[in-house]
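Enquirer: Handing you this structure, nothing more for now.
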C-alpha cells in the first residue's frame, strides 16, 4: 500500500498546489520567453542598423550574455535572502522587476541602453528561477516532486515555444512588440500571485515561526513535520552558510558544474540555432522551426524523463539525457533529411533544456529546507556562468568563420562533461541513511528467517 497517498487527499492541499504550480509555471514561461525571443530577433538586429545601431556577431553574443550576468546576480541575491525572508516575497519582487525591465527594453534605441536593460531583466529572471524549485519542493508530495518540478520548469521551454510562434507570426521583424509582450506578467500574473501564493509553512517552521506555520498549514492543507526542528533556528546554518558545511560542500560544487553544462547548452542553442541553421542553407522560417522543435522536444521529453526520475532517481536519468544530447548534436551536421533533423533537434532539446529542468528538480530536493533556496540559487547562479559562456562561445565560433558542424561538436563535448560530472555527485544524506537502514534490517530479517527455518 502507498502510505503517501493521504498526503494529497486534502482538497485544500490539492487546490493550493494547483495554484502554486500555475503561478510558478507562468513565471518561468516568461523566463523562457525572454531567453528565446532574443535569439529570434538577433538576425533582424544584425542586418538592420536602424534598430539599435550597427551590431556585429560578437556584440550580439555579448548582448545575449548581459541578461545571463543579470540572471546570475539575481539568482545569487535570491539565494542570499530567500532562506531568510521567505519564498513568497522573493517571487513577488521577481515578477515586478522582470516585467518592468522587459517592457522598457522594447523602447531601447542604442546598444548600450539595450544591453543594460537586458542585464536588469536578467536580475528579475534569476530571482524567479532560483525560488521556483524551493517553492515546489516544499509544497509538492514527496513521491511526485520530480514530476511537479518538471511541469513548472517546463515553463522555460514552453516560453521558448511561445516566443518562436510569435516571431513566426510577426515575421520576426517587429521585435519591439515582442519585447513589450514580456511585460505582461505585471498585469496578468502579479495580481494572482498576491492573492493565491502562500508562504511555505515548512520554511516558517524552519525559521521558528511555529504559530504562523500551523496557521498557513491549516489554511492550505499542507502537512507539517510531526517533530519540531532538531536545532533552534538561531543555531541552524541557513542559506549559503549551510552550503559551505561538510555535508554540502562537495555536492554543491558538482551540482553547480552540472547546471553550468546544462545552461551553456541551453543558451548557446537558443541564441544561435536559428543563425547556424540559416548558414546551413535553411531559410528564416525553417530556422525558427528548428527553434520551436528544440523547445517542444524539451517540454515533452522533460516531462517523460521526470516520471522516470521519480521511479529510478534523477541522477542516472540526467546522465542519460546528457549523453542523448551529445549523440544528437554530433549527428546534426550529416546532411540528413528534414524529418530526421527535426527528430535530432527534438532529442537535443530533451538532452539540453530538458536536462536542465531535471537538474533543478534534483537540486531542489537535494537540500533541506534551511538551505534549499540557497542551493537552487547556487545551481541557477553559478550555472549561469555556463549560460553566459554559451552565447559567447557560439558567437566566437560563428565569427571565426568555422563550419556549423564545429559548433555542434563543441556543444556535444560539453554534454559529455555534464554526464561525467553527474555520475560523481554523492547521494543525498537521506538516501544514504535509508540505504544503511536497509543494510542493517535485511540481514536481521534474513537471519530471523534462517532461525525459523532451522527450528
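All of the numbers you see were taken from the coordinates with simple rules; none came from a lab. Bear in mind the structure is a predicted one, so any value in this text is a computation, not a measurement. All Cβ positions, even for glycine, are placed from backbone atoms using ideal geometry, and neighbour counts span all protein chains on display.
Enquirer: Which angle from 0 to 90°, rounded to the nearest 10, does the C-alpha axis of helix 314-331 make with the longest principal axis of the chain?
Expert: So the helix axis and the longest Cα principal axis differ by about 20 degrees.
Enquirer: Let me ask another. Give me the distance in nm between label points sitting 7 Å out from Cα along the Cα-to-Cβ direction at residue 168 and residue 84, one decimal.
Expert: Between residue 168 and residue 84, the label points sit 4.7 nm apart.
Enquirer: Then there is this: Which value at 222 nm does the chain reach when only helices count, each DSSP H run of 4 or more adding -39,500 (n - 2.57), with the total divided by all residues and rounded to the nearest 500 deg cm²/dmol?
Expert: When only DSSP H runs of four or more count, the value is -26500 deg cm²/dmol.
Enquirer: State the label only: which of (1) 30.4, 100; (2) 32.6, 131; (3) 22.6, 92 corresponds to Rg and Dmax of the Cα atoms in Å computed from the shown model?
Expert: Among (1) 30.4, 100; (2) 32.6, 131; (3) 22.6, 92, the one calculated here is (3).
Enquirer: Over the Cα atoms of the stretch 34-142, each weighted equally, I'd like the Debye log10 I(q)/I(0) at q = 0.12, 0.20 Å⁻¹, rounded to two decimals.
Expert: At q = 0.12, 0.20 Å⁻¹ the computed log10 ratios are -0.45, -0.95.
Enquirer: In whole Å and largest first, what semi-axes does the C-alpha gyration tensor of the stretch 119-231 yield when each eigenvalue is scaled by 5 and square-rooted?
Expert: Three semi-axes, in Å: 36, 15, 12.
Enquirer: Normalised by the residues of the chain, what does the relative contact order come to in percent, with Cα pairs under 8 Å and at least six apart?
Expert: Result for the chain is 25 percent.
Enquirer: Report, to the nearest 10°, how far helix 210-220 tilts away from the longest principal axis of the Cα atoms in the chain, using its own Cα long axis and a range of 0 to 90°.
Expert: Here the helix axis deviates by roughly 70 degrees.
Enquirer: Could I ask something else about it? Counting pairs of Cα atoms in the stretch 270-396, how many percent are more than 17 Å apart? It would help to have the intermediate numbers written out before the result.
Expert: Numbers: 4965 of 8001 pairs.
That fraction is 62 percent.
Enquirer: If R0 is 35 Å, what FRET efficiency do you get for residue 211 and residue 246 from their C-beta distance, rounded to 0.05?
Expert: Taking R0 as 35 Å, the efficiency between residue 211 and residue 246 is 0.55.
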